[in-house]
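These notes are about the structure you will find just below.
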Amino acid sequence: MPTHILLIEDEEQIRKNLLEILQLKGYQVTAGADGLEGIQLANQQPPDLILCDIMMPQLSGYQVLAHIRTQESLRSVPFIFLTAKSDMVDLRQGMELGADDYLTKPFSTKDLLGAIESRLKRHQPKPTPQPSPSCLLTIQGHAEGGSMILSVADCLYFYVHTSAYYVCHPLGIFQIDLTMAELAAQLDSTQFFRANRQVILHRKSIQKYAYWQQGKYCLFLSDGAKAKEFIIPKARFRQLKKWLAGGSVRFESNLTDS
């Protein structure tokens, strides 16, 4: 059965162009001309993915997304914004509401299809790879209240601050004794990715990502309580996407300095 995409776009010519592109690619597409119609179509036939403009009559894209995320049958559907707005305030607002990606107009057919395929692939549940017995499984963290042993599988990301090394964990921020180089040598490369010299990310901490500007991408990380934004260059982002998709990224290039 073909993948069902709901397209919500008020500009008729853009809507027709996107409809043709998606249908030629083999997708089943339902199209709405405004936010209210889009919500009605989503409720009638829950889609596998939603493409939605932001500035529309009746309801804005933000209002559509806010409604979608309250519906049990639609809550987990991947949602991609299509917009001419590229300000970080708008980007943050969409991501905080639960958008999965953000395409700034004008965008190419390649970027559109790539974003769709990436989101659909990420939405498919995957078994969690088991770490090698030789990988680091626990780490000692130090805080004002004392020290404790932390499970590496629960760690969200490691980072450097003022020449000291820390880990963000659901229980809080802890200073650790291992350097980035030592972590790189011992962490499971299927679960951890070194974004730059100062940050190593756990797969589960990466909630969303979106193109920002000038060849850079914005990652939205979870620290257990709130979202944290992190910018990486395009070249590193390509490796990150390959790694997130389960592709082969050499341990050395993944977890050593970029």
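The values are calculated or read from the model by the stated rules, or taken from the named source; none is laboratory data. All of these numbers come straight from a predicted model, not from anything done at the bench. Counting neighbours? That spans all protein chains shown, and the Cβs are built from the backbone with ideal geometry, glycine included.
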TODO: Can you give me the number of residues within region 213-245 that are closer than 16 Å to ASP188 by Cβ and modelled with pLDDT under 70?
DONE: 0
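Yes or no, residue by residue, for (1) in contact with a Ser or Thr (Cβ under 9 Å, 6 or more places away or on another chain); (2) part of a strand (DSSP E or B); (3) touching a residue at least 12 places away in the same chain (Cβ under 8 Å):
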residue	(1), (2), (3)
LEU136	no, no, yes
ILE139	yes, yes, yes
HIS142	no, yes, yes
ILE149	yes, yes, no
PHE158	no, yes, yes
VAL167	no, yes, yes
GLN175	no, yes, yes
TODO: Could you tell me whether LEU113 is within 22 Å of GLN28 (Cβ to Cβ), surrounded by fewer than 18 Cβ atoms within 10 Å (Cβ to Cβ) and either within 18 Å of the chain's Cα centre (by Cα) or at pLDDT below 85 (or both)?
DONE: yes
- [ ] Hand me the list of strands (runs of 3 or more DSSP E) wholly inside region 1-88 holding 2 or more residues that are touching a strand residue (DSSP E or B) at 6+ places or on another chain (Cβ under 8 Å), of a type in the set (A, V, I, L, M) and modelled with pLDDT of 90 or more.
- [x] 4-8, 28-32, 49-53
Open item on the list: Given the criterion over 19 Å from GLU96 (Cβ atoms) and buried (at least 16 other Cβ atoms within 10 Å of the Cβ), identify the matching residue among PHE220, PHE192, PHE230.
Closed with: PHE192
Open item on the list: Just the residues that are within 21 Å of LEU65 (Cβ to Cβ) and without any contact (Cβ under 8 Å) to a residue 12 or more places away in the chain, please, taken from region 15-40.
Closed with: GLN40
- [ ] May I ask you to list the residues in region 149-165 that are within 18 Å of HIS202 (Cβ to Cβ) and surrounded by fewer than 18 Cβ atoms within 10 Å (Cβ to Cβ)?
- [x] ILE149, SER151, ALA153, ASP154, VAL160, HIS161
TODO: Within region 36-64, work out how many residues are small (Gly, Ala, Ser), under 19 Å from LYS105 (Cα atoms) and out of contact with any Cys (no Cβ under 8 Å at 6 or more places or on another chain).
DONE: 1
